[in-house]
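Asker: For reference, the structure I am asking about is given below.
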Ligand SMILES: [Ca+2]
């Protein structure tokens, strides 16, 4: 560069260093400035600490992942750094107009996510989204996004749920299933009250029922199929898969509907039960005029009419635990399954 040109460029560089001109790239690759909120900074209500600093770079450096820090406001006029515990939430709803020369930066990857070498957020702990800004809607979204890498308990939040709740996710290569029921320990009783069936019970990693209310929120938020899987001792797995499983709300008794049975390796247990509300020993919705099916069979289910049901997977499992029924009224059964009881048994929601 010729010396006379260098003299012209020098003041520009000096100004940029002093005043952090807009041409300056991101001060830290963890942080970004949301374009849609230009001229705005995080509201005072979300600023939890103020520090004296010399530059925006120094300010951003104070926003450490271990702290509640999600954003910073660098006040150039006063050389102050305000640490914030919220971000623009992608719609500027947490923002207010900047006063004087203020610059706003926020964390690119939220909730513990880390930026990978491609500049994308690698999310953890059930979070998904471009910036790990929300809990996954179900296990399938977790697997597709890369958050769920192995089977286990994760938090999900279906679109209609007001708060997240934990479920067990099963992973199968690129597929995933949201487990809603699992039974393999004969000692765990499924003869439970209405409120237990509504709210869920058991250990999500072992025997459990996820809960009718959560099932309602899931199936009202997204289209799911319902899969039953049985793997009796010393036998191959049997399963059935129904399309379009939908569960109504509590006011409608958590009645269900299913679509076409796509696989019939297991007898169609839900045949004839369409539209039936759920029953437990203390809430009789079975439309059986002579007795309470749930009381008779010792477990909750979508019982309906004089014959109650073609299966009762929640019924008691009686010793010896050899996989064979004793023919006692109320012992767990599944029509077409021979003399064996439906056990161990699992129900999954599968994204369609
Ligand atoms: Ca009845």
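Asker: Tell me whether the stretch 197-309 comes out rounded, prolate or oblate; compute the Cα gyration tensor, take square roots of the eigenvalues as a ≥ b ≥ c, and use a/c under 1.5 as the rounded threshold.
Answerer: Here the stretch 197-309 falls in the rounded category.
Asker: Viscosity 1.567 mPa s, temperature 4 °C: Stokes-Einstein D of the stretch 282-330 from its Kirkwood Cα radius, in µm² per second?
Answerer: 113 µm²/s
Asker: Given a Förster distance of 22 angstrom, what is the FRET efficiency for residue 85 paired with residue 205, based on the Cβ-Cβ distance and rounded to 0.05?
Answerer: 0.10
Asker: Tell me what the chain gives for mean residue ellipticity at 222 nm when only DSSP H runs of n ≥ 4 count, each as -39,500 (n - 2.57), the sum divided by the residue total, rounded to 500 deg cm²/dmol.
Answerer: Helix-only estimate at 222 nm: -4000 deg cm²/dmol.
Asker: A further question on this structure: Testing the spin-label approximation: label points 7 Å from Cα along Cα→Cβ at residue 124 and residue 172. State their distance in nm.
Answerer: Going by the 7 Å Cα→Cβ label model, 3.0 nm.
Asker: Distances longer than 18 Å among the Cα atoms of the stretch 118-265: what percent of all pairs is that?
Answerer: The answer is 62 percent, as a whole percent.
Asker: Moving on. Taking the Cβ-Cβ separation of residue 326 and residue 33 as r and a Förster radius of 56 Å, what is the calculated FRET efficiency to the nearest 0.05?
Answerer: Once the sixth-power term is evaluated, E becomes 0.20.
Asker: How big is the equivalent ellipsoid of the stretch 100-148 along its three axes, where each semi-axis is √(5λ) from the Cα gyration tensor, reported in whole Å from largest to smallest?
Answerer: After diagonalising the Cα gyration tensor, the semi-axes are 25, 12, 7 Å.
Asker: With a/c under 1.5 counting as rounded, go ahead and sort the stretch 165-215 into rounded, prolate or oblate using the C-alpha gyration tensor (a ≥ b ≥ c being the square roots of the eigenvalues; past the cut-off, prolate if a/b is larger than b/c, else oblate).
Answerer: oblate
Asker: For the chain, restrict the atom set to alpha-carbon positions and state the Rg and Dmax in Å.
Answerer: Answer for the chain, Rg first and Dmax second: 28.6, 104 Å.
Asker: Then there's this: Indicate the gyration tensor shape class of the stretch 260-352 (rounded, prolate or oblate), computed on the Cα atoms with a ≥ b ≥ c the square roots of the eigenvalues: a/c under 1.5 is rounded; otherwise a/b larger than b/c is prolate and the rest oblate.
Answerer: It is oblate, given that a/c is not under 1.5 and a/b is not larger than b/c.
Asker: For the stretch 150-351, how big is Rg over Rh, using alpha carbon atoms and the Kirkwood form of Rh?
Answerer: Expressed as Rg/Rh, it is 0.93.
Asker: Still on this structure, I have one more. Bin width 10 Å, origin at 0, all Cα-Cα pairs of the stretch 243-292: what percent of pairs per bin?
Answerer: Values per bin, smallest distances first: 23, 46, 27, 4.
Every number in this text was worked out from the coordinates using simple rules, so none of it is lab data. This structure is a prediction, so every number in the text was calculated from the model and none was measured. Cβ atoms come from the backbone with ideal geometry, glycine included; neighbour counts cover every protein chain shown.
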